[in-house]
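Enquirer: Below: one structure in structure tokens.
The values are calculated or read from the model by the stated rules, or taken from the named source; none is laboratory data. Not measured: the values here are computed from a predicted model. Reconstructed Cβ throughout: ideal geometry from the backbone, glycine too, with neighbour counts over all protein chains shown. Quick note on the areas: whole protein, heavy atoms, side chains included, nothing else; ligands and nucleic acids left out. Shrake-Rupley method; radii C 1.70, N 1.55, O 1.52, S 1.80 Å.
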Amino acid sequence: MKIALLHFRVGFTDGVSLEMEKWKTVLERMGHEVLYVAGEFSQISGVEIPTLAMNDPTNIWIHRNAFEKLLVSDETFLKVFKDYVRRIEEELERKVPPLDILIVNNILSLGFNLAAAVAISEYAKSRNIKVVGHHHDFYWERERYSRPQSEFVVKILNRYFPPKGENFFHITINTLAQKELFRRKGIESLVVPNIFDFDQPLWKIDEYNKDLRPSLGISDGDIVILHATRIVQRKAIELALDFVECFCKLSERKVHFLLAGFPEQESQEYYRKIVEKAKKMPYTTHFVFDIVRAERFLGEKKYYSLWDMYAVADAITYTSALEGWGNQLIEAVFSKKPLVVFEYPVFKSDIAPLGFDFISLGDEIHYDENESLYKIDQAKIEKAAEKLKWLLSHPEELSKVVEKNFQIGKKHLSLEKLQQYLTFLFNWLGLSTG
């Protein structure tokens, strides 16, 4: 079959882009012809639809008027909206070849680009293409989408996020989202968790990345703690900063904190707060997103892959207050590094039952309105820091823990497991799996 994977962007280090690459790998192993369709590409080729790019000025204008403040008349808003829908649909018609299945990532659930959801839905219906909505996040999970500025916006959210119909099928990435989607919309969905290739070679220090630590001023005996997520507020990176501060006070060795993810455009104020907080810490924080790409690249400047960052790390922090699943959590499991985790809701419902052995920061969090940052109980931080120090000083126990986690991940979250899910999905769609 001919299958397209569609998203705002492809080839970046955000979770959705990374997950799409895994899906493409497995679908091609199953014998299907797969292409990417996106508004923006990095190091990966595909069908480019510029009107779908996250920084498209028309969408930014619509987004602000839809969810912040309607600054024009309803008629003007509607005219701009319909014209944008038409432009997106025309680009799809002109550039996308005939398809059997269109797998749409987040565009039909998040609410970031209202017009794109309408255009894609109508385009697929007019060509009788089966659509699989792969919903990583929903608009009702984000504060920014909670204040629609007109009845028209409410109607669009109700009708297209996600759309219903005999040609539309839906995938959620955790059981909480599955239940909430049914409660709100009466839509059934298949749960497919984030997965990973556990059969690839382990990430290690090699000729390419052996200069990474020295280039950052990190000595062989120093401890590196990695935080690999994007810099957005729900990732609660301030909790990791607080944890590393506590760990640093316990450690006899110099400690470095490595932040590998990039700040989203709408998160610049949060990024500034993280930078300011990091300056006050007794350890060095390295913001290295400007040298990280989805794949290694050597040109005028040397770029490392996200996997190189795991290779040079001694431990990983994953402190999100809210996640649909947790790509970097699985990456930490594969990297065979100890993981310090805040127990966000989906972790408790879908991940903890698998039996992983992580260092916990607990599951209670509060938002400090004065600082606009998250906080957790200091006693939990101290207990977690002591446990990591103990593990790093007991190599045999550390090896047992990370190997146990690796085997659990390989059993439940592998590419082979994804193939089983996709086979079930195609049967659900009434299509051949070969």
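Enquirer: On a C-alpha basis, how far is the centre of region 73-117 from the centre of region 172-220 in Å? Whole number, if you could?
Expert: 28 Å
Enquirer: In the chain, with Lys and Arg counted as +1 and Asp and Glu as -1 at Cβ, which of these residues, VAL232, ILE205, CYS248, has the Cα nearest the positive end of the dipole, that is, farthest along it?
Expert: The Cα lying farthest towards the positive end belongs to VAL232.
Enquirer: How much net charge surrounds HIS286 when only other residues with a Cβ under 12 Å from its Cβ are counted (Lys, Arg +1; Asp, Glu -1)?
Expert: Once all neighbours under 12 Å are counted, the net charge is -1.
Enquirer: Now a separate question. Please give, to one decimal in nm, the separation of the simple spin-label points placed at SER219 and LYS400, each 7 Å out from Cα toward the Cβ.
Expert: 3.2 nm
Enquirer: Now, a different point. What distance in nm lies between label points placed 7 Å from Cα along the C-beta direction at PHE424 and SER126?
Expert: 3.6 nm
Enquirer: Grab the DSSP H runs of the chain that are 4 residues or longer, score each as -39,500 (n - 2.57), total them, divide by all residues and round the 222 nm result to the nearest 500 deg cm²/dmol.
Expert: Values: 14 runs with 174 residues, N = 434.
Value at 222 nm, helices only: -12500 deg cm²/dmol.
Enquirer: For region 338-395, give the magnitude of the charge dipole about the Cα centre (Cβ charges: +1 Lys/Arg, -1 Asp/Glu; no others), in debye to the nearest 20. Don't skip to the answer; put the middle values down first.
Expert: On the way: 6 positive and 11 negative charges, 63 e Å.
Roughly 300 debye, rounded to the nearest 20.
Enquirer: What residues from region 103-147 fall in the zone where the backbone N is under 14 Å from a label point 7 Å along the Cα-to-C-beta line of GLU180?
Expert: 109-111, 135-146
Enquirer: Continuing with the same structure: With θ taken as phi - 60° and the coefficients 6.51, -1.76 and 1.60, list the Karplus ³J(HN,Hα) couplings across region 381-395 in order, rounded to whole Hz; mark glycine and proline as x.
Expert: Working through the residues one at a time gives 5, 5, 5, 5, 5, 4, 5, 5, 4, 5, 4, 5, 9, 10, x Hz.
Enquirer: Right, another one. Roughly to the nearest percent, how much of the accessible area of the chain is carbon and sulfur, given a 1.4 Å probe? Mind dumping the intermediate values first?
Expert: Working: 9160 of 18530 Å².
About 49 percent, which is the carbon plus sulfur part of the accessible surface.
Enquirer: Once the Cβ-Cβ distance between VAL191 and LEU322 is put in as r, and R0 is 25 Å, what FRET efficiency do you end up with, to the nearest 0.05?
Expert: Numbers: r = 18 Å, r/R0 = 0.71.
With a Förster radius of 25 Å, E is 0.90.
Enquirer: Quote the convex hull volume per residue of region 225-373, based on C-alpha atoms, as a whole number of Å³.
Expert: Enclosed volume per residue, from the Cα hull, is 128 Å³.
Enquirer: With a 1.4 Å probe and all protein chains kept in place, how do TRP390, TRP140 rank by accessible area, largest first? Each step should come with its number before you reach the end.
Expert: On the way: TRP390 120, TRP140 50 Å².
These residues rank, largest area first, as TRP390, TRP140.
Enquirer: What is the local net charge at GLY221, summed over the other residues whose Cβ is closer than 14 Å to its Cβ (Lys, Arg +1; Asp, Glu -1)?
Expert: With Lys, Arg at +1 and Asp, Glu at -1, the net is -1.
Enquirer: Which Cα, out of ALA313, GLY31, LEU339, lies furthest along the positive dipole direction of the chain (beta carbon charges, K/R +1, D/E -1)?
Expert: The residue sitting most towards the positive pole is GLY31.
Enquirer: Here's something else I'd like to know. Could you give the dipole magnitude of region 290-410 about its Cα centre, charging the beta-carbon of Lys and Arg +1 and that of Asp and Glu -1, in debye to the nearest 20?
Expert: Working: 15 positive and 21 negative charges, 107 e Å.
I would put it at about 520 debye.
Enquirer: Still on this model: How about region 17-83: which trypsin sites (Lys or Arg not before Pro) there lie in a loop by DSSP and see at most 16 other Cβ atoms within 10 Å?
Expert: Working: sites: LYS22, LYS24, ARG29, ARG64, LYS69, LYS79, LYS82; in loops: LYS69.
Sparse-neighbourhood loop trypsin sites (Lys or Arg not before Pro): LYS69.
Enquirer: Of ASN427, SER267, ILE223, which is farthest along the charge dipole of the chain in the positive direction, counting Lys and Arg as +1 and Asp and Glu as -1 at C-beta?
Expert: ASN427
Enquirer: Oh, and also: Just the C-alpha atoms of region 304-434: what Rg/Rh do they give, with Rh taken as the Kirkwood radius?
Expert: Working: Rg = 17.4 Å, Rh = 16.6 Å.
Taking Rh as the inverse mean 1/r over Cα pairs, Rg/Rh reads 1.05.
Enquirer: How much length is gained if the chain between ASP290 and GLU264 is pulled fully straight, taking 0.36 nm per residue apart and subtracting their Cα-Cα distance, in nm to one decimal?
Expert: Values: separation 26, 0.36 × 26 = 9.36 nm, distance 1.30 nm.
Difference between extended and current length: 8.1 nm.
Enquirer: Given a Förster radius of 45 Å and the C-beta distance between GLU33 and TYR367 as r, what FRET efficiency does 1/(1 + (r/R0)^6) yield to the nearest 0.05? Intermediate values should be presented prior to the final figure.
Expert: Values: r = 47 Å, r/R0 = 1.04.
Between GLU33 and TYR367 the formula returns 0.45.
Enquirer: I want the local charge near GLN265. Using Cβ-Cβ distances under 14 Å, sum +1 for each Lys or Arg and -1 for each Asp or Glu among the other residues.
Expert: On the way: positive: ARG9, ARG64, ARG144, ARG230, ARG272; negative: ASP14, GLU40, ASP56, GLU264, GLU266, GLU269.
Summing Lys/Arg as +1 and Asp/Glu as -1 gives -1.
Enquirer: Using 7 Å Cα-to-Cβ label points, what is the LYS204/LEU298 separation (nm, one decimal)?
Expert: Roughly 1.9 nm, to one decimal.
Enquirer: As a test, work out the antiparallel percent of DSSP beta bridges whose residues both lie in the chain, rounded to the nearest 5.
Expert: Values: 5 of 51 bridges.
DSSP beta bridges in the chain are roughly 10 percent antiparallel.
Enquirer: Only four residue types carry charge here, +1 at the Cβ of Lys and Arg and -1 at the Cβ of Asp and Glu. Report the dipole size of region 1-46 about the Cα centre in Debye, rounded to the nearest 20.
Expert: 120 debye
Enquirer: Can you give the extra length, in nm with one decimal, that the chain gains between ARG144 and LYS280 once fully stretched, where that is 0.36 nm per residue apart less the Cα-Cα distance? Mind dumping the intermediate values first?
Expert: Working: separation 136, 0.36 × 136 = 48.96 nm, distance 3.00 nm.
Once the chain is fully extended between ARG144 and LYS280, it gains 46.0 nm.
Enquirer: Taking a virtual spin label 7 Å from the Cα of SER349 along the C-beta vector, which residues in region 133-161 bring their backbone nitrogen under 17 Å of it?
Expert: Flagged as within label range: 135-143.
Enquirer: Using a 1.4 angstrom probe, figure out how much accessible area region 115-161 has per residue, in square angstrom, rounded to the nearest whole.
Expert: Details: 1950 Å² over 47 residues.
That works out to 41 Å² per residue.
Enquirer: How large is the accessible surface per residue of region 282-341, computed with a 1.4 Å probe and reported in Å² as a whole number?
Expert: Details: 1800 Å² over 60 residues.
Value for region 282-341: 30 Å² per residue.
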